[in-house]
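Trainee: Take this structure, written in structure tokens, and hold onto it; I'll ask about it next.
The values are calculated or read from the model by the stated rules, or taken from the named source; none is laboratory data. Note that this is a predicted model, so its numbers are computed, not measured. With ideal geometry, Cβ positions are generated from the backbone for all residues, glycine too; neighbour counts draw on all protein chains shown. These accessible areas exclude ligands, DNA and RNA; they are computed on the full protein's heavy atoms, side chains included. Shrake-Rupley method; radii C 1.70, N 1.55, O 1.52, S 1.80 Å.
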Amino acid sequence: MSRPAIPWSVWKTEVRETLILGGPVVGTQLAQILLSATDTVMAGRLGAADLASVALGGGVFYPLCLYGMGVLMSVSPTVSQLYGAGRHDEIGRQLHQGLWVALVLGVFTAGAAQFCEPIFHALDVNADLIPGAMGYLTAIAWGLPAMYCQIALRGMSDGVSRTRPMFFISLLSFPMNVFGNWVFMYGHFGMPRLGGVGCGVASAIVLWLNFFMMASWVYFSGGYRPYRVFERFEWPRWADIRKLLALGTPIGVGLFMECTLFAAGALLLGRFGDTVVAAHQAALNVASVTFMIPLGISTAASIRVGQAVGRRDPAAVRRAGFTGIGLAAFIMLGCATLLALAPGPIARLYSSDPAVLTLMSRLLLYAAVFQLFDGFQVASNACLRGLKDTSVPALITVVVYWVIGVPVAYWLAIGRGQQADGIWSGFIVALFLAAVLLTIRFDRISRRFASAAGSPGES
């Protein structure tokens, strides 16, 4: 017996709700990219050594903190399911446990960052650059406890469909970060001239300010009162913490594997000279900026899926999931079209070197291909998080990125002599497989949920 067709008005409503929810998240992600770009520009004005300090220190900092970020992303689907189920009084309790996890992870990771100097030596970094890189890394790392606690608060806020607070806070962060860089990097208001290290100091301060602003927003806004966030103090409860870790650890592993895939590409290309590395990094930066849009949409889809799970509404689960996946893919199709039609003008925004321009223009065509697959994989992965399905997606990520993607990239780039073209072909293979497998996984898990819920659902 065929199921009745879903009216177009229902799909339009789902699209509208996803865009309303995801718009502020997109803005937040783009604002954070802008912060990173500002750090690079301001450090570059001080000189090559300070720019290298920020680049090298950041290259260790971001992979170092990704695991904790992934673990704390478990707060959002946990809260969204409770919100959908109407169990509002439990939301504050789960947030408290998330904050305990955030605090422990933040302190541990910040401490570990102080002992990362052997990593620079293992990567054969110029000895003259290591003190600056370590200075930047150890300074910014002390902002990690605040950043992790802010991520937990944001996950709670996102889970109850309040995605705007972090957007406004991110907008405020930009001038604060610029001012902090100006003070600590250049030595104003009686502060010592710290150079690239000052960028790390400013970033750590801004991370703490972001946390206090987010906590104040939640505390003073009446919209959060039903969730009893600050009504009582709760000590750690291992049963709840264990669930958050079980859900979040695979997410952290997946994020780390994805990040290191692109880092491995840069390292493999280091043997081919400055021109190849510069073109690769610039093209990757363009792809990273466009990626922020489907990333925001996928976050909204994850929230919508989680809330539908909480309501025990399998039809809404599939509708929210495939709406998010379709929107992310459609947006990336538009980005891919732009990259394919105007690679030269985009490349000229980054460099005037003829050799870099030629190679970067070609790499942007590869980026145009993998953009579509990237949209599918990030949205499907997010929708699976909404269903609290994270272990198998993490395994898929590890296999397609490192068991398949990196060896293919190495074989093409080194074995076949294709250099950057080979690396980007490897990216395409990995992202294509991730997109296919994760989308199939969402289809199957959402159908399984429909069967378990005893509701007709939809195709």
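Trainee: For residues that are more than 29 Å from Leu269 (Cα to Cα), of a type in the set (A, V, I, L, M) and out of contact with any Lys or Arg (no Cβ under 7 Å at 6 or more places or on another chain), tally how many sit in the range 120-169. Walk me through it before giving the result.
Mentor: Kept after step one, since they are more than 29 Å from Leu269 (Cα to Cα), are these residues of the range 120-169: 139, 142-169.
Going one step further and asking which of them are of a type in the set (A, V, I, L, M), we end up with 139, 144, 146-147, 151-153, 156, 160, 166, 169.
Subsequent filtering for residues that are out of contact with any Lys or Arg (no Cβ under 7 Å at 6 or more places or on another chain) retains 139, 144, 146-147, 151-153, 156, 160, 169.
Selection size over the range 120-169: 10.
Trainee: Of the conditions (1) farther than 19 Å from Gly58 by Cβ; (2) open to solvent by 10 Å² or more (accessible area, probe 1.4 Å); (3) among the polar types (S, T, N, Q), Gln97 satisfies every one except a single condition; which number is it?
Mentor: So Gln97 meets the others, but not (2).
Trainee: If you don't mind, there's one more thing I want to ask. Of everything in the range 59-79, what is open to solvent by less than 10 Å² (accessible area, probe 1.4 Å) and closer than 18 Å to Arg242 by Cα? Give them in sequence order.
Mentor: Gly68, Gly70, Val71, Leu72, Ser74, Val75, Pro77, Val79
Trainee: Give the residue, chosen from Arg237, Arg232, Arg228, that is open to solvent by 10 Å² or more (accessible area, probe 1.4 Å), on the phi > 0 side of the Ramachandran plot and among the basic types (Lys, Arg).
Mentor: On the way: Arg237 fails: on the phi > 0 side of the Ramachandran plot; Arg232 fails: on the phi > 0 side of the Ramachandran plot.
Testing whether each residue is open to solvent by 10 Å² or more (accessible area, probe 1.4 Å), on the phi > 0 side of the Ramachandran plot and among the basic types (Lys, Arg) leaves just Arg228.
Trainee: Now for a separate question. Answer yes or no as to whether Phe373 is surrounded by fewer than 21 Cβ atoms within 10 Å (Cβ to Cβ) and either aromatic (Phe, Trp, Tyr) or in contact with an Asp or Glu (Cβ under 6 Å, 6 or more places away or on another chain) (or both).
Mentor: For Phe373, the condition - surrounded by fewer than 21 Cβ atoms within 10 Å (Cβ to Cβ) and either aromatic (Phe, Trp, Tyr) or in contact with an Asp or Glu (Cβ under 6 Å, 6 or more places away or on another chain) (or both) - is not met.
Trainee: Among the residues of the range 265-280, is there at least one that is crowded, with 17+ Cβ neighbours inside 10 Å, without any contact (Cβ under 8 Å) to a residue 40 or more places away in the chain and closer than 30 Å to Ile346 by Cα?
Mentor: yes
Let's see how each residue does on (1) touching a residue at least 12 places away in the same chain (Cβ under 8 Å); (2) touching a Cys at 6+ places or on another chain (Cβ under 6 Å); (3) among the acidic types (Asp, Glu):
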residue: Val206; (1), (2), (3): yes, no, no
residue: Arg228; (1), (2), (3): yes, no, no
residue: Ala239; (1), (2), (3): no, no, no
residue: Leu245; (1), (2), (3): yes, no, no
residue: Gly252; (1), (2), (3): yes, no, no
residue: Phe262; (1), (2), (3): yes, no, no
residue: Ala283; (1), (2), (3): yes, no, no
residue: Thr290; (1), (2), (3): yes, yes, no
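Trainee: Sticking with this one: If I go through the range 389-422 residue by residue, how many of them are surrounded by fewer than 19 Cβ atoms within 10 Å (Cβ to Cβ) and not hydrophobic (A, V, I, L, M, F, W, C)?
Mentor: Counting residues in the range 389-422 that are surrounded by fewer than 19 Cβ atoms within 10 Å (Cβ to Cβ) and not hydrophobic (A, V, I, L, M, F, W, C) gives 8.
Trainee: Let me ask something additional. With under 28 Å from Gly296 (Cβ atoms), of a type outside the set (Phe, Trp, Tyr) and open to solvent by 30 Å² or more (accessible area, probe 1.4 Å) as the only criterion, which of Leu103, Leu129 stands out?
Mentor: It is Leu103.
Trainee: Right, something else. Just checking, which of Ile169, Ile205 is within 24 Å of Glu17 (Cβ to Cβ) and either of a type in the set (Asp, Glu) or in a helix (DSSP H, G or I) (or both)? Walk me through it before giving the result.
Mentor: Details: Ile205 fails: within 24 Å of Glu17 (Cβ to Cβ).
Within the list Ile169, Ile205, the selection yields Ile169.
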